[in-house]
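One structure is given below, encoded as structure tokens.
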Amino acid sequence: MKQNRILTVSPEGKLEAEDFAQLAEVVDPFLEEHGPLRGLLIEAEAFPGWQDFAALISHLRFVKAHHTRIDRVAAVTDSSFLSILPQVASHFVKAEVRHFPFIDKQSAFDWLIGKRST
């Protein structure tokens, strides 16, 4: 994360409220020391969903507290739910959000670092 200022998150099970607390423990000190993230890469072949309503609320609070400190978000997934993320997120977050097929992680990473495709 330090070298390119890109955070990769790969959820494997249902998202829990504690997941967002742990993520904040890593991200917040980094943001304080280094400034905004260039990008966030969310890698999940299928969206695992939330454990409960508290997890959903924790997720929304995390997004609200951090969205102005992340330039771009790449959702790398074949999940139909996450593939609509860019359209929905554009109404609520400052970050530019884009969807990439799960097999296309490298293109997502290149986009996050600002590399142009040939």
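Coordinate-derived values only; no laboratory data. Since the model is a prediction, treat every value here as computed from it, not as a measurement. For neighbour counting, all protein chains shown are included, and Cβ atoms are generated from backbone atoms with ideal geometry for every residue, glycine included.
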Projected convex hull area of the chain, Cα atoms, direction-averaged, in nm², equals 7.1 nm²
Expressed in nanometres to one decimal, the distance between label points 7 Å along Cα→Cβ at Leu31 and Arg69 is 0.4 nm
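Could you compute the FRET efficiency for Asp52 and Asp110, with r as their C-beta to C-beta distance and R0 at 22 Å, rounded to 0.05?
0.05
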Calculated from DSSP helices alone, with each H run of at least 4 adding -39500 (n - 2.57) and the total divided by the residues of the chain, [θ]222 nm to the nearest 500 comes to -12500 deg cm²/dmol
Final fewest-first order of Phe62, Phe20 on the 10 Å Cβ neighbour count is Phe62, Phe20
Two pseudo-spin positions, 7 Å from Cα along C-beta at Ile103 and at Lys14, lie apart in nanometres by 3.2 nm
Listing Asp19, Asp28 by rising number of other beta-carbon atoms within 10 angstrom, fewest first, gives Asp28, Asp19
